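To keep things clear, I will list the structure first and then write my remarks on it.
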Amino acid sequence: MILVSRYHPALVVLHWMLAFLIIAALALGALVMVKIPNADPMKLEALRSHMLGGMAILVLMLVRLVIRTRSAHPAPASAGHPLIDRIAWTSHRLFYVTVIAMAVSGIIMALQTGLFDTVFFGHGNVPAAFWVFRIRSVHYALSRLLMTLIALHILAALYHAFVLRDGLLGRMFFGRRIAQNVPRHELPVTTGAPAGATMDRIMPWISRAVLLAVLVVLALISRKFIGNPVETAAASDIALRSPVAITNMRASFGAFPLGCALFALVCLVTSSLRRTGLVFVALIIGTALAVRIFGIVADGTLAESLRLAIAESVLLGLSLAAYAGERLASSSSASRRA
C-alpha cells in the first residue's frame, strides 16, 4: 500500500475552490439575501447566483469524493489526544454529509416553490415567504451546522499550524508527493487506497463531460453574439451605433468563442488530445476569471458579476481536477502494467 506526504493535486484544487464557493454561498444567503425583500427584483438575481453556486458545490463535492476515495493520501493526522482525533475523524465525514445534504435540501426547496421556473425561465414569482415550507427550516439548520464545522476546521488548522507545528497544512498545498510503501497490516483503518482500474474507466468520461460542458457554453455565447449582436451587447449596456460595429462584434465576441468551441470539440473526439483540451480550457476560463475578478475590484461590480464568476470558477475547478485525474489514472495504469 502506498502512502504519500500530500493530497493529490486534484483534491488541492477542489479543496480551495470549494472553500471559496461554500463560504461565498453561506455569506450570500446569511448576510445578503435575508435583507432583500422577496418582491424586490434584486432577490431574483441573488437567488440565481445562490442556486447556481449550490448546484456547483454539489457537483464539485461529488467529484472530490470520488477522487478522494480513489487516490492515495496521507495517513490520518493526530492531535495527540484520542478524543480530539475522534472528533476530527467524525467532523470531516460530517462535513461531506452536511454539504451534500444542504445542496439537496436547497434543490428540494426550489422544486417545491417553483424557483427553477421563476429564476431561470421567468415564469411566476418568488414566494412571499419561504418559511412556510418545512424544508426551509432544514436548509437553515444545515447552514448553521456547516458554519460550525467550518469554524471547527479553521480552529483545528490553526492549532496544528501554531501549537503543534507539525506541517499539517502542507498536505493541502501543491508540492512533491513523497511516497512510501507500507505493509497493509500496518496501515490505519481510515487510510484510503490508491487509484485503480475503476479510475481508468471513469476519468475519460469525466474529462469528456467537462469538455462538452465548455463546448456548449462557448457555442451558446458565440451564437448570441453572431446571431443577435445588438441585443446581446445591449444587455451589458454596450451600444452598437453602426453596421461596422455590429460586424466587428460578430467577428470578435462571436468568432473567438466559436473557434475555442471548435478546438474543444476536436479535443473531445480525439483521445490523444483530451489533456491538451483540458489545459486549453483551464487557460481560457482561468484568464477570464482573473480579469473578471480584477474588474469586480476595480469597477465595484460584485453583484452584477457574481453569477458569471461562480460559473467560471466551477468550470476552472472541473477542468483542473479532470486534468489532474487524467494524470493520476495514467500513472496508476502505468504502474500496474510495470
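Taking other Cβ atoms within 10 Å as a rough exposure proxy, W205, W16 sort from fewest to most as W205, W16.
Within a 10 angstrom radius of the beta carbon, how do K224, K35 rank from fewest other beta carbons to most?
K35, K224
With 0.36 nm allotted per residue and the present C-alpha distance subtracted, the L265-S5 stretch has 89.9 nm of extension available.
Positive end of the dipole of the chain (Cβ unit charges, origin at the Cα centre): among G122, H160, V216, the Cα lying farthest that way belongs to H160. Near F294: Cβ cut-off under 15 Å, other residues only, Lys/Arg at +1 and Asp/Glu at -1. The net charge is -2.
Using the Cβ-Cβ distance between A255 and F120 with R0 set to 35 Å, the FRET efficiency works out to roughly 0.80.
Between 0 and 90 degrees, the angle of helix 41-70 with respect to the longest Cα principal axis of the chain falls at about 30 degrees. Normalising the average separation of contacting C-alpha pairs (under 8 angstrom, six or more residues apart) by the number of residues puts the relative contact order of the chain at 28 percent. Rounded to the nearest 500, the helix-only mean residue ellipticity at 222 nm of the chain stands at -24000 deg cm²/dmol, with each DSSP H run of n ≥ 4 adding -39,500 (n - 2.57).
Taking the centroid of alpha carbons for each part, the stretch 120-174 and the stretch 1-62 are 9 Å apart.
What is the helix-to-structure angle for 274-299, meaning the angle in degrees between its Cα long axis and the longest Cα principal axis of the chain, kept from 0 to 90 and rounded to the nearest 10? Roughly 70 degrees, rounded to the nearest 10. Largest GNM mean-square fluctuation among P41, P76, P204, using the chain with Cα springs under 10 Å: P41. If only the Cβ of Lys and Arg carry +1 and only the Cβ of Asp and Glu carry -1, the dipole of the chain around its Cα centre is close to 860 debye. Can you give me the angle between helix 9-27 and the longest principal axis of the chain, using Cα atoms only, in degrees from 0 to 90, rounded to the nearest 10? Helix 9-27 and the main axis of the chain meet at about 60 degrees. Restricting the calculation to Cα atoms, the stretch 2-194 yields a radius of gyration followed by a Dmax of 19.7, 63 Å.
The charge dipole of the stretch 13-160, taken about its Cα centre with unit charges on the Cβ of Lys, Arg, Asp and Glu (plus for the first two, minus for the last two), comes to roughly 260 debye. Using the Cβ-Cβ distance between A157 and I238 with R0 = 51 Å, the FRET efficiency computed as 1/(1 + (r/R0)^6) comes to roughly 0.70. Label sites at I202 and M147, each approximated as a point 7 angstrom past Cα along Cα to Cβ, lie 3.3 nm apart.
Rounded to 0.05, the FRET efficiency of the A101 and N228 pair, given R0 = 41 Å and the Cβ-Cβ distance, is 0.50.
We did not get these values from a lab; they are worked out from the coordinates using the rules stated. Bear in mind the structure is a predicted one, so any value in this text is a computation, not a measurement. Virtual Cβ from ideal backbone geometry, glycine too; neighbours counted across all protein chains shown.
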